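Q: Okay, here's the structure, questions in a sec.
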Amino acid sequence: MKRILALLALSFLVQITVSAQVYKDKNAPIESRIKDLVSKMTFEEKVLQLNQYLSGNNTNVNNIGEAIKLIPSGIGSLIYFSTDPVLRNQIQKKAMEESRLGIPILFGFDVIHGFRTVFPISLAQACSWNPELVTQACRVAAKEARLSGVDWTFSPLIDVARDPRWGRVSEGYGEDPYTNAVFGVATVKGYQGKSLSDPYSVAACLKHYIGYGMSQGGRDYHSSDISAQSLWETYMPPYEACVKAGAATLMSSFNDISGVPATANHYTLTEILKDRWKHDGFVVSDWDAINQLIAQGVAKDRKEAGLKAFMAGVEMDMKDNIYLENFKQLVDEKKIPMRKIDDAVSRVLRVKFRLGLFDHPYTDVVAESARYLETGSKAIALKLATESMVLLKNNSKTLPLTALTKQIALIGPMAKDKSNLLGSWSGHGYASDVVSIFEGLEKELGNKAKINYAKGCDFDSLAETGFNEAISAAQKSDVILVCLGERKQWTGENASRSTIALPAIQEKLVLELKKTGKPIVLILSNGRPLELARLEPLADAIVEIWQPGIAGGSALSGILSGRTNPSGKLSITFPLTTGQIPVYYDMRQSSRPNSGKYQDIPTEPLYWFGHGLSYTTFTYGKLNLSATKLKKTEKLTVEVEVSNTGEVSGTETVLWYIADPACSISRPMKELKHFEKKELAAGAKSVFRFEIDPARDLSYTDGNGKRFLEAGEYYVVVNNQKVKFEIE
Ligand code: BGC
């Protein structure tokens with residue numbers, strides 16, 4: 001009997017020990033591990049998981065760092081400003097060994113368009129119309145980040161942005177909801193890979209949820225008055241698509257949505273995100289965004305701000321410490337139910353489990369030389385930079401430069417610049433990794449032509465002392481390449497501008513160079529559309545190179561020499577002047593389409609969304625529809641044959657739009673629904689295809705996300721063609 005009792009006691013002990021290990025058992029289902037762990041946590045341990053601290057060198061000038069020694073071992077997350085895996089491992093060791101339950105810390109960082117291998121800014125990436133390539137770039141960024149101790153990136157930014165005065169227009173994919181959705185999904189796929197548990201995947205964070213791109217007047221951090229209709233029609237689609245694609249986390253935005261701050265918005269954060277879309281990861285606040293609920297006028301103090309943000313659905317407090325300071329009291333006062341805390345903690349832990357952090361908390365320490373800038377990664381940077389550049393103008397075949405070009409004047413503040421080509425939020429990129437325009441050109445054409453360099457002027461100083469040197473360089477040359485643009489700090493966060501024109505000194509330089517009578521090629525590097533009203537008439541050709549990252553100079557020189565044929569098309573409209581803002585392709589129709597124009601300037605922008613030239617010509621055949629009448633449940637195939645009618649091989653992207661001129665609500669003039677990109681050899685033709693799924697492509701949303709598909713006439717719009725069909 002004694003033996004039996006002893007055996008029973010032993011088996012009981014074994015059971016307890018086994019159940020005590022569930023959260024550590026890598027073979028147990030994640031949900032069981034979460035449940036087990038949460039059941040073992042104290043209140044204080046739970047609240048710590050909902051807070052994010054800072055560590056490493058804070059390189060963001062808008063933010064202020066804290067000392068590492070203040071980091072509690074049980075903290076949920078850190079923003080990791082360092083690139084040192086050893087330091088990360090030391091901090092992680094503290095969490096694994098000094099905290100009672102050994103919960104790993106989640107290390108986050110803003111990896112926006114590359115970590116060390118810096119790719120073009122996101123706005124430029126979208127001009128490539130090559131989402132697969134963007135996925136590859138994000139895969140590189142994820143690997144470099146992970147090897148440097150970062151598990152979580154605060155990217156992609158999928159705020160549809162239609163006001164180029166807003167500095168953050170550079171960080172997203174332009175003015176169109178569909179484009180933001182497609183490139184957002186491509187980015188999430190790149191960061192998260194096939195599985196978050198892949199050692200080279202990082203968790204994505206969709207930001208800024210939601211409506212930040214609508215900041216009034218382009219002023220950063222400002223109020224955004226968004227109707228329920230535009231919230232759903234314009235701002236929600238990229239988020240919905242990326243949540244469906246499995247994005248692990250989201251970040252709440254600084255703005256309000258018609259009076260209710262996005263960081264305290266129960267409707268968007270809980271009713272839509274969690275209840276309707278079933279997102280089971282977590283939401284982190286933006287930097288200080290919870291505290292800022294006081295400035296926004298919806299909370300009287302930090303405690304109320306914390307209560308509002310948390311109850312609305314923000315699970316993690318980015319660096320404010322508000323949750324840490326106030327949750328004990330708020331729970332004691334029964335303002336926050338414990339089940340809500342448990343749900344929030346479970347969401348944070350879920351992301352950590354999915355990333356495999358419990359089983360592999362430490363970063364492999366690999367020599368720095370093996371971590372970054374692999375040959376394949378640089379090749380992706382070059383390809384993406386090349387494909388994202390847009391030939392805006394090319395009169396009389398000024399470009400590509402021909403063999404007759406023996407002397408090239410290379411002028412302007414951007415010509416030898418490296419740092420500004422990186423753009424804002426350039427991760428841990430180094431200016432020394434960048435191929436400048438001058439270096440690229442020297443390598444490409446240095447043995448065929450003489451390059452006469454002169455800076456001419458600075459970006460924005462008033463000094464004209466460099467003009468004479470620039471003019472004499474121009475006089476002895478066959479062509480003038482003028483490299484102008486924006487410093488990288490002129491876009492990005494807290495970098496709004498009242499005018500999108502370049503500083504007068506840069507325009508004046510071109511005016512002086514024009515007097516030489518030599519052909520002028522403008523090369524523009526900037527993070528937003530520019531006002532080119534005065535510059536465009538002075539230029540024979542214009543190449544928009546954006547902020548192209550490390551391979552900028554090489555990519556551009558390939559285009560200038562004709563070794564590569566430009567194929568980028570704008571992901572955002574270039575207004576003629578700042579006064580035209582807002583102007584975007586999918587505006588709603590006017591009640592008097594032929595009047596209401598500006599009296600002092602043209603009403604049309606300089607370059608519409610989708611504009612971009614090539615060195616070859618593409619001729620479109622007639623649109624061919626598989627039917628002109630169909631039922632709501634039937635599909636329609638539309639085809640167009642495109643021929644390369646020029647002399648060189650080229651790549652064309654066909655942008656497919658839908659228009660619905662008579663509906664229960666007034667709809668945008670046209671809406672992009674599909675695109676396809678193909679390379680065509682000179683003389684070759686190919687059929688481009690779009691299969692219209694009426695429920696997906698023709699329906700419209702109401703102000704609560706409910707979709708309607710109406711019978712009636714629709715148009716498919718491609719290039720200059722518009723063909724009618726009918727839904728019965
Ligand atoms: C920005 C976010 C960024 C965060 C962390 C904030 O100021 O708005 O986009 O992810 O800082 O650096």
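The values are calculated or read from the model by the stated rules, or taken from the named source; none is laboratory data. Note that this is a predicted model, so its numbers are computed, not measured. Ideal geometry is used to build each Cβ from the backbone, glycine not excepted, and the neighbour counts take in all protein chains shown. Protein only, heavy atoms only, side chains kept; ligands, DNA and RNA dropped before computing areas. Shrake-Rupley method; radii C 1.70, N 1.55, O 1.52, S 1.80 Å.
Q: Go through the residues of region 219-229 one by one and say whether even a single one is within 12 Å of the ligand (Cβ to nearest atom), under 21 Å from THR270 (Cα atoms) and free of Cβ contacts under 8 Å to residues at least 60 places away in the same chain. Lay out the reasoning, then the answer.
A: So in region 219-229, the residues within 12 Å of the ligand (Cβ to nearest atom) come out as 220-221.
Okay, now just the ones that are also under 21 Å from THR270 (Cα atoms), so none.
Within region 219-229, not a single residue is within 12 Å of the ligand (Cβ to nearest atom), under 21 Å from THR270 (Cα atoms) and free of Cβ contacts under 8 Å to residues at least 60 places away in the same chain.
Q: In this structure, does ILE480 turn out to be assigned to a helix (DSSP H, G or I), among the hydrophobic types (A, V, I, L, M, F, W, C) and either farther than 30 Å from ALA403 by Cβ or touching a strand residue (DSSP E or B) at 6+ places or on another chain (Cβ under 9 Å) (or both)? Spell out how you get there, then give the answer.
A: On the way: assigned to a helix (DSSP H, G or I): no; among the hydrophobic types (A, V, I, L, M, F, W, C): yes; either farther than 30 Å from ALA403 by Cβ or touching a strand residue (DSSP E or B) at 6+ places or on another chain (Cβ under 9 Å) (or both): yes.
Against the criterion (assigned to a helix (DSSP H, G or I), among the hydrophobic types (A, V, I, L, M, F, W, C) and either farther than 30 Å from ALA403 by Cβ or touching a strand residue (DSSP E or B) at 6+ places or on another chain (Cβ under 9 Å) (or both)), ILE480 does not qualify.
Q: Continuing with the same structure: Take the residues in region 399-434 that are of a type in the set (Ser, Thr, Tyr) and either part of a loop (DSSP other than H, G, I, E, B) or within 22 Å of the chain's Cα centre (by Cα) (or both), then tell me which one is nearest to the ligand (Cβ to nearest atom).
A: SER424
Q: Going residue by residue through region 207-216, is there one that turns out to be modelled with pLDDT of 95 or more, basic (Lys, Arg), within 16 Å of the ligand (Cβ to nearest atom) and closer than 23 Å to PHE107 by Cα?
A: Checking region 207-216: at least one residue is modelled with pLDDT of 95 or more, basic (Lys, Arg), within 16 Å of the ligand (Cβ to nearest atom) and closer than 23 Å to PHE107 by Cα.
Q: Can I ask one more? Confirm whether GLU544 is charged (D, E, K, R) and open to solvent by less than 10 Å² (accessible area, probe 1.4 Å).
A: Values: charged (D, E, K, R): yes; open to solvent by less than 10 Å² (accessible area, probe 1.4 Å): yes.
Criteria met by GLU544.
Q: Right, here's the next one. Against the conditions (1) open to solvent by less than 10 Å² (accessible area, probe 1.4 Å); (2) more than 16 Å from the ligand (Cβ to nearest atom); (3) free of Cβ contacts under 8 Å to residues at least 60 places away in the same chain; (4) among the hydrophobic types (A, V, I, L, M, F, W, C), where does LEU157 fall short? Just the number, please.
A: (2)
Q: Among the listed residues THR491, THR499, identify the single one that is within 16 Å of the ligand (Cβ to nearest atom), of a type in the set (Val, Ile, Thr) and closer than 20 Å to PRO164 by Cβ. Write out each step before concluding.
A: Details: THR499 fails: within 16 Å of the ligand (Cβ to nearest atom).
Residue meeting the stated conditions: THR491.
Q: Output the number of the condition that ILE336 fails; it satisfies all remaining conditions of (1) of a type in the set (Val, Ile, Thr); (2) open to solvent by less than 20 Å² (accessible area, probe 1.4 Å); (3) under 31 Å from the mean Cα position of the chain (by Cα).
A: Unmet condition: (3).
Q: Before we move on, is ASP364 of a type in the set (Asp, Glu), surrounded by fewer than 23 Cβ atoms within 10 Å (Cβ to Cβ), over 26 Å from the mean Cα position of the chain (by Cα) and in a helix (DSSP H, G or I)? Spell out how you get there, then give the answer.
A: Working: of a type in the set (Asp, Glu): yes; surrounded by fewer than 23 Cβ atoms within 10 Å (Cβ to Cβ): yes; over 26 Å from the mean Cα position of the chain (by Cα): yes; in a helix (DSSP H, G or I): no.
Answer is no for this residue.
Q: Let me ask something else. Yes or no: region 539-548 includes at least one residue that is closer than 21 Å to GLU175 by Cα and assigned to a helix (DSSP H, G or I).
A: Initial filter on region 539-548 (closer than 21 Å to GLU175 by Cα): 543-548.
Those left that are additionally assigned to a helix (DSSP H, G or I): none.
So far as region 539-548 goes, no, none of its residues is closer than 21 Å to GLU175 by Cα and assigned to a helix (DSSP H, G or I).
Q: Which of the residues that make up region 696-728 are exposed (fewer than 13 other Cβ atoms within 10 Å of the Cβ) and aliphatic (A, V, I, L, M)?
A: Within region 696-728, ALA711 is the sole residue that qualifies.
Q: Let me ask something additional. State all residues of region 278-304 that are among the aliphatic types (A, V, I, L, M), open to solvent by 40 Å² or more (accessible area, probe 1.4 Å) and within 15 Å of the ligand (Cβ to nearest atom); if no residue qualifies, say none. Step through it out loud before you land on a result.
A: Within region 278-304, the subset among the aliphatic types (A, V, I, L, M) is 283-284, 289-290, 293-295, 298-299.
Imposing the further condition that a residue be open to solvent by 40 Å² or more (accessible area, probe 1.4 Å) reduces the set to 294-295.
Residue satisfying the conditions is ALA295 alone.
Q: Being open to solvent by less than 10 Å² (accessible area, probe 1.4 Å) and either more than 16 Å from the ligand (Cβ to nearest atom) or within 24 Å of TYR372 (Cα to Cα) (or both) is the filter here, so list the residues in region 171-180 that pass it.
A: GLU171, GLY174, GLU175, ASP176, THR179
Q: Could you give me the residue pairs with C-beta distances under 7 Å whose first residue belongs to region 526-538 and is closer than 15 Å to LYS514 by Cβ, whose second residue is in a strand (DSSP E or B) and not aliphatic (A, V, I, L, M) wherever it lies, and which are 6+ apart or on separate chains?
A: LEU532/PHE574; GLU536/LYS393
Q: Let me ask another. Take SER122 and tell me if it is within 18 Å of PRO548 (Cα to Cα), polar (S, T, N, Q) and more than 16 Å from the ligand (Cβ to nearest atom).
A: Criteria not met by SER122.
Q: Something else: Out of all the residues in region 653-686, which are within 19 Å of LYS722 (Cα to Cα), open to solvent by 20 Å² or more (accessible area, probe 1.4 Å) and in a strand (DSSP E or B)?
A: Residues satisfying the conditions are GLU671, LYS673, HIS674, PHE675, GLU676.
Q: Grab the helices (runs of 4 or more DSSP H) fully contained in region 1-106, keeping just those with 3 or more residues being at pLDDT 90 or above, crowded, with 18+ Cβ neighbours inside 10 Å and touching a helix residue (DSSP H, G or I) at 6+ places or on another chain (Cβ under 8 Å). Spell out how you get there, then give the answer.
A: Numbers: elements: 2-20, 30-40, 43-49, 85-93.
Of the helices (runs of 4 or more DSSP H) lying wholly inside region 1-106, those with at least 3 residues that are at pLDDT 90 or above, crowded, with 18+ Cβ neighbours inside 10 Å and touching a helix residue (DSSP H, G or I) at 6+ places or on another chain (Cβ under 8 Å) span 30-40, 43-49.
Q: When only residues in region 312-324 that are out of contact with any Lys or Arg (no Cβ under 7 Å at 6 or more places or on another chain) and away from the ligand (no atom under 16 Å from the Cβ) count, which is most open to solvent (accessible area, probe 1.4 Å)? Spell out how you get there, then give the answer.
A: Step one: list which residues in region 312-324 are out of contact with any Lys or Arg (no Cβ under 7 Å at 6 or more places or on another chain), which gives 312, 314, 316-321, 323-324.
Among the residues that remain, those that are also away from the ligand (no atom under 16 Å from the Cβ) are: 312, 323-324.
Values: ALA312: 4, TYR323: 0, LEU324: 60 Å².
Top of the filtered list is LEU324.
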